[in-house]
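Heads up: the structure comes next, in structure tokens.
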């Protein structure tokens, strides 16, 4: 049943040879990988105004234009820088690989940890913003903010588990619909304003008269809020392997198209916010307020709200495209569980997709799906990775040189300097508002990744066979003396099958029973002796109801101790029920016993299952 549900939701498994058919073209790659940056129009301008309006009132709209221009310039610096990264590292991995190769292990892990935080926050912020767009249009849904967020998150996960090709087809059309809707709004809004058809809503007296002095810190705080608009650039360099050939050129074209889209859409929306002097409201997004002023509450208004909600959810898809690839590379280097380096049934890195969903769900629940609460945590992680990537590329050109190395070094050096300044700005202005959480979490992630690497290295040392042992034929040819113990709770079909199997692997067999009262132990022994198997049975009384302890004590006793060349096989009888709910009715003693015994050296576990059917079968010895 579970397998049928999985096939219905995700689709049939794909063979390894089908991977080429799963990759992006430019048309499908742009909306998937650029949706984060493109969707920033829905909240970046709003977050800038939330900082400025309460302090400088109507002057905020003038400074919105300047801050938007500064952010777009920063975006283009990053685009030119990452074009070089894509060309130099076509295998993907972005900042993590660049920093690891050129700056060392610690900077590489820092970049990886920073991107992990950023990708998780991208999903949480995007979905929270999508939900805000829905509740702006339908305020009665506001109390169900978190459940709506989690529902969208599950849909995103399932869509991405279906594979690269299907997810790109599924999620691309809404992105293009959003682009068209916003372009129409920008064009109509500007034309109507300059023709005098529409005018900005008059500001309240309180808004006009509450202007306070402007400070550099205020401008920097607004700038750091708006920097959320350019957090999707890294995903393209991470996802180069997901493009069709020529991979590098296609990825570079997507980067340029991304920059053009942000220039037009983010810039155009900021212009509309200034022209119509829209101020953020508690229950309405700035984009919703602009659309209502231009179109009223007609079809276009609801179309913009619908496509906004969808594109904001699609922005999470940028993370679903980039993060699993990043995590797979970290895992291949031994700094994350190796399961993340394996492709799933649909040739996507499904374990990474699931992990990203779980982490984002935790953030949404903790922060109650509030975009404003999540934004302060947002941009610092990605800008740390931007900085490390640019410094890594700068060092690469200084070390390797080659054609036009001075020109390339200047581009990446400028990118490194600018992004480093932005990191300081964000850390300073947002520290008290939540950025400290990210600054604390990143070192913790680095520590955990180092521990994973240490574990794998330790396991490798224990499992490694010395080269001289292979060369000189020093592999042992002697055999283990196998002693078999069959734990039995009672005399039944499952325990008899286990005894039958035990006879096939050894002549040294002992049946072992742990009873919580002496009367039960006596009955088990009497019934066992009626079988006349010739196998001795040991019955131990356990007044504290412990099962594993008496068995371990017996195995390690002088009578039955483990010595060199000696192995203990514990054959555990277990019955398997048909229905999933039936498992809840049984205590799973066999599984618990097996897990505990595996912690001890020299013990081999063999489980003998007996499948129980609804119809009672005839008994066969």
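Name the helices (runs of 4 or more DSSP H) wholly within the stretch 386-472 that hold at least 2 residues that are over 23 Å from the mean Cα position of the chain (by Cα), crowded, with 17+ Cβ neighbours inside 10 Å and in contact (Cβ under 8 Å) with a residue 24 or more places away in the chain?
Numbers: elements: 405-430, 436-463, 467-471.
In the stretch 386-472, the matching helices (runs of 4 or more DSSP H) lie at 405-430.
Residue 273 - would you say it is in contact (Cβ under 8 Å) with a residue 24 or more places away in the chain, more than 21 Å from residue 176 (Cα to Cα) and crowded, with 20+ Cβ neighbours inside 10 Å? So that I can check it myself, show each step before the final result.
Numbers: in contact (Cβ under 8 Å) with a residue 24 or more places away in the chain: yes; more than 21 Å from residue 176 (Cα to Cα): yes; crowded, with 20+ Cβ neighbours inside 10 Å: yes.
Taking the combined requirement at face value, the residue satisfies it.
Residue-by-condition table, conditions (1) farther than 23 Å from residue 450 by Cβ; (2) more than 11 Å from the chain's Cα centre (by Cα); (3) surrounded by 20 or more Cβ atoms within 10 Å (Cβ to Cβ); (4) assigned by TED's automatic domain parsing to the domain that holds residue 193:
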residue	(1), (2), (3), (4)
304	yes, yes, yes, yes
339	no, yes, no, yes
348	yes, yes, yes, yes
352	no, no, yes, yes
357	yes, no, yes, yes
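Among the helices (runs of 4 or more DSSP H) confined wholly to the stretch 489-604, which include 2 or more residues that are at pLDDT 85 or above and out of contact with any helix residue (DSSP H, G or I) (no Cβ under 6 Å at 6 or more places or on another chain)?
Details: elements: 493-505, 518-531, 548-555, 580-583, 589-597.
Those helices (runs of 4 or more DSSP H) span 493-505, 518-531, 548-555.
Consider residue 187 against the criteria (1) free of Cβ contacts under 8 Å to residues at least 60 places away in the same chain; (2) surrounded by 23 or more Cβ atoms within 10 Å (Cβ to Cβ): it satisfies all of them except one. Which criterion is unmet?
Status for residue 187: all satisfied but (2).
Considering only the stretch 161-249, give the helices (runs of 4 or more DSSP H) lying wholly within it that have at least 1 residues that are modelled with pLDDT under 80, farther than 30 Å from residue 350 by Cβ and in contact with a helix residue (DSSP H, G or I) (Cβ under 8 Å, 6 or more places away or on another chain). I'd like the intermediate steps shown before the answer.
Working: elements: 164-194, 205-209, 216-226, 233-238.
Passing ranges, in order: 205-209, 216-226.
Could you tell me which numbered condition residue 120 fails, if it satisfies all but one of (1) under 19 Å from the mean Cα position of the chain (by Cα); (2) within 20 Å of residue 415 (Cβ to Cβ)?
(2)
Any residue at all in the stretch 369-378 that's outside any helix (DSSP H, G or I), in contact with a helix residue (DSSP H, G or I) (Cβ under 9 Å, 6 or more places away or on another chain) and in contact (Cβ under 8 Å) with a residue 12 or more places away in the chain? Before you say what the answer is, go through the steps one by one.
The initial filter retains those residues of the stretch 369-378 that are outside any helix (DSSP H, G or I), namely 369-370.
Still in the running and in contact with a helix residue (DSSP H, G or I) (Cβ under 9 Å, 6 or more places away or on another chain): 369-370.
Subset that is in contact (Cβ under 8 Å) with a residue 12 or more places away in the chain: 369-370.
So far as the stretch 369-378 goes, yes, one or more of its residues are outside any helix (DSSP H, G or I), in contact with a helix residue (DSSP H, G or I) (Cβ under 9 Å, 6 or more places away or on another chain) and in contact (Cβ under 8 Å) with a residue 12 or more places away in the chain.
The values are calculated or read from the model by the stated rules, or taken from the named source; none is laboratory data. Remember, it's a predicted structure, so these values are computed and weren't measured experimentally. Counting neighbours? That spans all protein chains shown, and the Cβs are built from the backbone with ideal geometry, glycine included.
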